[in-house]
Amino acid sequence: GEDVEQSLFLSVREGDSSVINCTYTDSSSTYLYWYKQEPGAGLQLLTYIFSNMDMKQDQRLTVLLNKKDKHLSLRIADTQTGDSAIYFCADQTGANNLFFGTGTRLTVIP
Amino acid sequence: NAGVTQTPKFQVLKTGQSMTLQCAQDMNHEYMSWYRQDPGMGLRLIHYSVGAGITDQGEVPNGYNVSRSTTEDFPLRLLSAAPSQTSVYFCASSPGGGPTYNEQFFGPGTRLTVL
């Protein structure tokens, strides 16, 4: 089956940029997503990218997709303490099912 | 709109007990799914439904049953709870299926502990 990998932890200082990385294995991916989970809450969609794009920018968020290397990244500019959360990448392949990575816990140090 | 609602928020069961986790959505979404979230493993798909009367298995279906008698409701049944089913369970819904962009909306989760 599909395998989606992320590093488990990332710490950054407030005001710096954060880069969260994700790799996946299925070359037939159609859409790739980034979700944010705050403590005690469900997942909330942050942004997504279609598989034929290589970059998407949305305010402080920049998504980069390297389809050849099956590598996805999420860059958060000017990281704030409110950005502290777990970030999940997810891969959609054909049907509507999503395969999630393990999640990266981002800690923002004031 | 309430979005996706789940009940209960917390549940403790003894091994062998059965129970139903409730999920409802008021967005008229065709697609609904159940995931479990375990530490260091992300979310794994248990069962999903592409419309009323249609369900299918996901990645980890064993020990769980689902039904979809209405568009709004998608309950998840644990037949005989085991400690390995201790997890946080999320229900999600989205407008449709197929290889198009479909945002999935998640409920707040049910934290289940099996002793």
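The values are calculated or read from the model by the stated rules, or taken from the named source; none is laboratory data. All values derive from a computational prediction rather than experimental measurement. Cβ: placed from backbone, ideal geometry, glycine included. Neighbour counts: every protein chain shown. Heads up: the accessible areas ignore ligands, DNA and RNA and are worked out on the full protein's heavy atoms, side chains in. Shrake-Rupley method; radii C 1.70, N 1.55, O 1.52, S 1.80 Å.
Here is how the numbers come out for the structure above:
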read-out: Total residues in the stretch B:7-26, condition within 13 Å of B:Thr70 (Cβ to Cβ) and open to solvent by 40 Å² or more (accessible area, probe 1.4 Å); value: 2
read-out: Filter result for B:Asp56 (among the charged types (D, E, K, R), open to solvent by less than 30 Å² (accessible area, probe 1.4 Å) and either within 20 Å of A:Gln92 (Cα to Cα) or more than 8 Å from every other protein chain (Cβ to nearest Cβ) (or both)); value: no
read-out: Strands (runs of 3 or more DSSP E) completely within the stretch B:1-71 that count 3 or more residues being within 20 Å of B:Pro108 (Cα to Cα); value: B:4-7, B:10-13, B:19-25, B:31-37, B:43-51
read-out: Residue, farthest from A:Arg105 (Cα to Cα), within the stretch B:27-52, restricted to residues that are open to solvent by 70 Å² or more (accessible area, probe 1.4 Å) and out of contact with any strand residue (DSSP E or B) (no Cβ under 8 Å at 6 or more places or on another chain); value: B:Asn28
read-out: Total residues in the stretch B:89-110, condition open to solvent by 10 Å² or more (accessible area, probe 1.4 Å) and at pLDDT 95 or above; value: 0
read-out: Residue in the stretch A:78-86 that is part of a loop (DSSP other than H, G, I, E, B), open to solvent by 30 Å² or more (accessible area, probe 1.4 Å), of a type outside the set (D, E, K, R) and more than 27 Å from B:His47 (Cβ to Cβ) present; value: yes
read-out: Filter result (more than 18 Å from A:Leu65 (Cβ to Cβ), at the interface with chain B (Cβ under 8 Å from one of its Cβ atoms) and either in contact with a His (Cβ under 8 Å, 6 or more places away or on another chain) or of a type in the set (S, T, N, Q) (or both)) within the stretch A:14-50; value: A:Gln44
read-out: Matching residues, the stretch A:34-55, being closer than 17 Å to A:Cys22 by Cα, of a type outside the set (A, V, I, L, M, F, W, C) and touching a Phe, Trp or Tyr at 6+ places or on another chain (Cβ under 8 Å); value: A:Tyr35, A:Lys36, A:Gln37, A:Thr47, A:Tyr48, A:Ser51
read-out: Residue match in the stretch B:91-103 (condition: away from chain A (no Cβ under 14 Å), in a loop (DSSP other than H, G, I, E, B) and on the phi < 0 side of the Ramachandran plot); value: no
